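Before I ask anything, let me first share the structure, which is written out below as structure tokens.
Just so it is clear, none of the values below were taken in a lab; they were calculated from the coordinates. All values derive from a computational prediction rather than experimental measurement. Here the Cβ is made from the backbone with ideal geometry for all residues, glycine too, and neighbour counts use every protein chain on show.
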Amino acid sequence: MSQTVPIRLYVNGDRHDIEIEPRRTLADALRDDCGLTGTHLGCEHGVCGACTILVDGKPVRACLMFAVQAEGTSIRTVEGLAPDDQQLHPVQRAFWEKHGLQCGFCTPGFLMLVAGQLEEKPDTDEEEMRDVLSSNLCRCTGYQNILKASMAAAEEMSG
Amino acid sequence: MTAVVPPSWTGRSLPRVEDPSILRGHGRYVADVAARDRCWYAKFVRSSIAAGRIVGITAPPGVRIYTAADLDGVGEIVASLARPDFVTTRQPILARDVVRFVGEPVAMVLAETEAEAEDALERVVVEIEPLPAVLSVADATADQARLVHDVDFPGDPNTVVDGRIHTPGFDEVFAAAAHRVSVQVGSARQSAMPLEARASHAAYDPATGRTTLHVTTQMPHVIRTGLADVLGIREDDLRVIAPDVGGGFGAKMALAREDVMVVHAARRLRRNIAWIETREENFMAAWHSREQVYDVEGAFTEDGDLLAVRADLRCDVGAYSCYPVTYGVEPLMAMAELTGPYAVREYSVRSRAVLSNKCPIAPYRGVSRPVQVLAMERLMDVAARRLDIDPVELRMRNLVHEFPHRIPSGLVLDNASHRQTLAAAADLADVADFRRRQRTARDEGRLLGIGFSSFAERTGYGTPAFAARSAPFELKPNAVADVITPGFERVVLAMDSSAGVTVRIGASPHGQGLRTALAQVISDELGVAPDEVRVIHSDTDATPYGWGSFASRAMVMAGGASLLAARELAGRLRTLASSRLGGLPGDIDLSDGEARHRETGESVPFFVLARDTYHSSHLIPDKGEPALEATATYDPSGTFANACHVAEVEVDPATGAVAVTRFLVAEDAGRLVNPAIVDGQIQGGVVQGIANALFEELIYDDRGVLVTTSLMDYLPPTLHEVPDIEIAHLETTSPQSVTGAKGVGEGGTIGAPAAIANAVSDALAHLGIDVNHLPATPHRLRTAIRSAQAAQAADISDRETAS
Ligand code: FES
Ligand code: FES
């Protein structure tokens, strides 16, 4: 058994005191130790973006960060995106309305990517949005509706 | 009373019922099941050698390891067809004595956490004595070729399928034709690469002795059959669940050796065991496809009528036969469907599957059709140039336009709109305008090109379609057929005593929105809203046997079965209602959750009819079963969707990079149950086709080691590489599909590579470059452009010297 260290993570406003090996990635800590399996792992080498979350408001690949590095930060995952059980975040709603997902495996990563972008810059134009969206991979949708959904969310959030 | 015409739910782009849970992060994929469980983790020691003899496997004490020696009672995976040319080989669960490809599982280790399992993996030493690896069709079929499997090959060495068709009139027509045009096309090996790699989680229940397997599969029932057969247990000892599945594209419809191990270990150790595949393993060992080379020759009249096609089709199928569809899947589909939508009279074809020391193949979206269409559509463009006929005109001449039409392989094309989709696409494309833009761009040194691709997408393969792959065989009186013939879909539709509607389906969706689409079909028949229809799927304990979701079949097959069941249930509701309201069942309309007498306007809620049925069954009129339930099976021979794709590209002569600047699809998938879902399938399919055409390639080195094992080497496109995709729909229905829907899952991927190859060839026509082998990577194009330019320069200087 390798040595573990205690760390404290703040995720979606909740405090998680967990014991982990220092080599544990933030993605694994969220999934296995905090029970937040909405963050997906598609490659574990930083390319696909399925594991994208927000750390202090900035999109981060959770598979490329050690959990110990996230101490003291404020983390947001897909589970924390909707304000409550009744409503969806504008980005979630736009993905639903514009058919922006198929198998849904990439979806949490895209949602966090777009939510992070639009919360920082609600008036993101299409060209910049294309750049942003090009950081993640989707194997199902061909991206067409992901772009449409993201622009619809931009319109709502900037409007 | 005027009859109230109920609104049709079918045909509307309803948002999917699947989405809210996924959007909230509540999707349940296999790894999520494992993350919530204190299970042990399995990891696989894999061969790093393409071909060799296992000399020793050692692990330090403390490492829990399984090798082939620990598999007493476990059988092998055998996937076979009843054909005289078919050679059966066997796939052991862990390599025994020999290894046959890099990535082949040799041993399994178990540990309490995934990280510890990874540590254990590193401590296992496998010693393998290398043998010469067979890495190409040419090597594999040479006279003294080393055999990948030590079995008898009646024909050429390593040739496991060798299909032939030769129509009686071929020789004469072919010899007499005015023009013979030949092309060789090919595709690199590719990976379906679902974003979720493979994964399984087996939970042993000591109370019942049963094991529940969560596995990321497209066909849970069939996988259960395969597992039970290999493990020598009864199917009811196993429950197989495909929870949310993160994409399949064919790569999740084959029985995985790793899954057999996970179930075996869970049963032996009476513990929960999970295996989560890494992306690297997925590239090495989770099925490849598309490594095919086709030589195709067309015989044309002076006017451009394509009379006859001769073809030699070769598929490198890797080291093993995938269960259940076998390694015949690529060559046999190609042999049957090559001539596609063209009215070819005579046909002579040889189609082979050849073994190699590479990862085995399995279906990948479109199977061999992307290469078939590449062959026929390159043939059309090359012939158009040779015969000096406009390429659209040449296609138009030859497309089948009277239905049904029997093609030389024996398949029957049902109602379709080949000419109309081509016309629609040509209209949208405005070729004259493009040619103007192309000339202007050329003056600026920019290379634009346009390419067409017309094709038929066979969909909804039922049992008759799969049975045709085998020679007719007799069932032995007391033994099972050793051939698996997929096909039918079955559903059980029920209204419970609270009038809730549930349909249990044998198909198993993984992102196609089937729950939404089936609910739309059923709700129209029953007169309820789609969100009142619950669709239960992907659990062998809860659903009838079915073959799953693959080959663009779910909407045709499960949709057809759902429609038939819904009609039957609706009939029963009408009977019950007429006994309450008077009149005949035919006088009753069903809508808004109630049955209404068309003349009197009197109505009774379904809730009352349901309560009658279950709770006052002694009173129900026909003394039928005290249940509102209908079971239906649908098993047509298959239908054909059709489409025409048009690509515009710009090639950068300096780098060889291709930008797809415009992409058009004129699609006829029959009746659109949910247009948004259909468009989503087309868009996703086209992007995979663009990927296949320009980017994706699995590369083995000359020792048979796969070098493209990460997403930094294998390059699925991002949004940057993808244009807007414009789609136009035609809706030709066919008697081969009761819903009118024809299936659309693969068309995008089938047609796009050919359209792009034609477009890039058009852009480079002035250099005499034909793009026939995909992917057309920057390196390949740049090399071709340079050597063409050098040749032209040499030509010019030759001529100057001569003058
Ligand atoms: S899983 Fe983190 S980028 Fe792919
Ligand atoms: S929806 Fe399947 S990977 Fe994006």
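Can you pull a Stokes-Einstein diffusion coefficient for the range B:276-340 at 20 °C (1.002 mPa s), Rh from Kirkwood over Cα pairs, as a whole number of µm²/s?
Once the numbers are plugged in, D ends up at 149 µm²/s.
Return B:96, B:270, B:198 ranked ascending by Cβ neighbour count within 10 Å, so the fewest neighbours appear first.
B:270, B:96, B:198
Write down the Å³ per residue value for the convex hull defined by the alpha carbon atoms of chain B.
Hull volume normalised by residue count: 195 Å³.
While we're looking at this one, here's another question. Count charges around residue B:385 for me, please; just the other residues with Cβ under 12 Å from its Cβ, Lys/Arg as +1, Asp/Glu as -1.
Result for the local shell: -3.
Under 13 Å from the Cα of residue B:43, which aspartates and glutamates turn up, not counting those fewer than eight places away in the same chain?
Within reach: B:104, B:112, B:114, B:116, B:118, B:119, B:122, B:258, B:259, B:277, B:280, B:281.
Would you kindly compute the Cα radius of gyration of the range A:48-159 and its largest Cα-Cα separation (Dmax), both in Å?
Using the Cα atoms of the range A:48-159, the pair Rg, Dmax is 13.3, 39 Å.
Please find the FRET efficiency linking residue B:463 to residue B:88, where r is the Cβ-Cβ separation and R0 is fixed at 25 Å, and quote it to the nearest 0.05.
Calculated value: 0.70.
For the range B:404-545, count all C-alpha to C-alpha pairs, find those more than 21 Å apart, and express that count as a whole percent of the total.
Taking all Cα-Cα pairs of the range B:404-545, the fraction more than 21 Å apart is 69 percent.
Another one. Using a Förster distance of 41 angstrom, determine the FRET efficiency expected from the C-beta separation of residue B:798 and residue B:728, and round it to 0.05.
0.25
Measure off 7 Å from each Cα along the Cα-to-Cβ vector at residue B:479 and residue B:789, then give the distance between these two points in nanometres to one decimal.
Spacing of the two 7 Å Cα→Cβ label points: 6.6 nm.
If you count, for each residue, the other Cβ atoms within 10 Å and average over each peptide, how do B:458-470, B:11-23 line up from highest to lowest?
Highest-to-lowest ranking by the protection proxy: B:458-470, B:11-23.
Tell me, what is the Rg over Rh of the protein assembly as shown, with Rh the Kirkwood radius over Cα pairs?
The Rg/Rh ratio comes out at 0.97.
To test your reading of the geometry: what angle, between 0 and 90 degrees and rounded to tens, separates the Cα axis of helix A:144-158 from the longest principal axis of chain A?
90 degrees
Spin-label point model (7 Å from Cα, Cβ direction): what's the residue B:602 to residue B:471 distance in nm?
The two pseudo-label positions are separated by 6.7 nm.
I'd like to know which of B:616, B:220, B:63 lies farthest towards the positive end of the charge dipole of chain B, counting +1 on Cβ of Lys and Arg and -1 on Cβ of Asp and Glu.
My answer, from the dipole projection, is B:616.
With θ set to phi - 60° and the Karplus curve 6.51 cos²θ - 1.76 cosθ + 1.60, what are the ³J(HN,Hα) couplings of the range B:279-295 in order, to the nearest whole Hz, using x for Gly and Pro?
Taking θ as phi minus 60°, the curve returns 4, 4, 4, 4, 5, 6, 10, 9, 6, 10, 6, 6, 7, 9, 10, 10, 9 Hz for the range B:279-295.
Using the beta-carbon distance between residue B:8 and residue B:661 and R0 = 25 Å, what value does 1/(1 + (r/R0)^6) give for FRET efficiency, to the nearest 0.05?
0.10
For B:258, A:120, what ranking results if the residue with the fewest other Cβ atoms within 10 Å of its Cβ goes first?
Ranked by crowding around the Cβ, least crowded first: A:120, B:258.
Still on this model: Any chance you could check the Cα centroid distance between the range B:55-121 and the range B:718-764 for me, in angstrom?
40 Å
Rounded to two decimals, what is Rg over Rh for the range B:540-600 when you use alpha-carbon atoms and the Kirkwood radius?
My calculation puts Rg/Rh at 1.18.
Check residue B:776: other-chain or 5+ apart residues with amide H under 5 Å from its amide H, H built from backbone geometry?
Placed amide hydrogens put B:694 under 5 Å from residue B:776.
Net charge near residue B:369, counting Lys/Arg +1 and Asp/Glu -1 over other residues with Cβ under 11 Å of its Cβ?
So the surrounding residues net to -1.
Give me a comma-separated list of calculated 3J(HN,Hα) values for the range B:92-106, in order, Karplus coefficients 6.51, -1.76, 1.60 applied at θ = phi - 60°, integers in Hz, x for any Gly or Pro.
With the stated coefficients, the range B:92-106 comes to x, 6, 10, 4, 10, 6, 10, 10, 10, 6, 6, x, 5, x, 10 Hz.
Mind giving me the nanometre distance, one decimal, between the label points for residue A:68 and residue B:427, set 7 Å out from Cα along Cα→Cβ?
6.7 nm
Collect residues whose amide H, placed 1.01 Å from N in the peptide plane, falls under 5 Å from the amide H of residue B:98; neighbours closer than 5 in sequence don't count.
B:54
For the range B:647-764, what class follows from the C-alpha gyration tensor (a ≥ b ≥ c being the square roots of its eigenvalues): rounded when a/c is under 1.5, otherwise prolate if a/b is larger than b/c, else oblate?
Prolate.
Let me ask another. Across peptide B:195-206, what mean number of C-beta atoms from other chains lies inside 10 Å of a residue's C-beta?
Partner Cβ neighbours, averaged per residue: 3.
Run through every distinct alpha carbon pair of the range B:51-120 and return the Kirkwood hydrodynamic radius in angstroms, one decimal place.
That comes to 14.3 Å for the range B:51-120.
Would you mind calculating the gained length between residue B:529 and residue B:615 on full extension (0.36 nm times residue separation, minus the Cα-Cα distance), in nm to one decimal?
28.5 nm
Under the Karplus relation 6.51 cos²θ - 1.76 cosθ + 1.60, θ = phi - 60°, what is the ordered set of whole-Hz ³J(HN,Hα) values for the range B:636-652, x standing for Gly and Pro?
Computed from phi, the couplings for the range B:636-652 are x, 7, x, 9, 10, 7, 8, 7, 10, 10, 10, 10, 10, 9, 10, 9, 8 Hz.
Now for a separate question. Name the shape class, rounded, prolate or oblate, that the alpha-carbon gyration tensor gives for the range B:194-306, where a ≥ b ≥ c are the square roots of its eigenvalues, rounded holds for a/c under 1.5, and otherwise prolate holds if a/b is larger than b/c and oblate otherwise.
In terms of gyration-tensor shape, prolate.
Pick out the long, greasy-scoring helices in chain B: whole DSSP H runs spanning 20 Å or more along their own axis by Cα, mean Kyte-Doolittle at least -0.5.
B:369-387, B:554-581, B:675-694, B:747-763
I've got another one for you. Grab the eigenvalues of the alpha-carbon gyration tensor for the range B:123-275, scale each by 5, take roots, and send me the semi-axes largest first in whole angstrom.
Listed largest to smallest, the semi-axes of the range B:123-275 are 43, 22, 17 Å.
Then there is this: Over the range B:455-516, with a single point scatterer placed on each C-alpha, what log10 of the ratio I(q)/I(0) does the Debye formula yield at q = 0.13, 0.25 1/Å?
-0.62, -1.14
Something else now. Cβ under 14 Å from residue B:726's Cβ, residue B:726 left aside: what net charge do those residues give with Lys, Arg +1 and Asp, Glu -1?
-4
Also, quick follow-up: Based only on other Cβ atoms within 10 Å, what is the fewest-to-most ordering of B:185, B:521?
B:185, B:521
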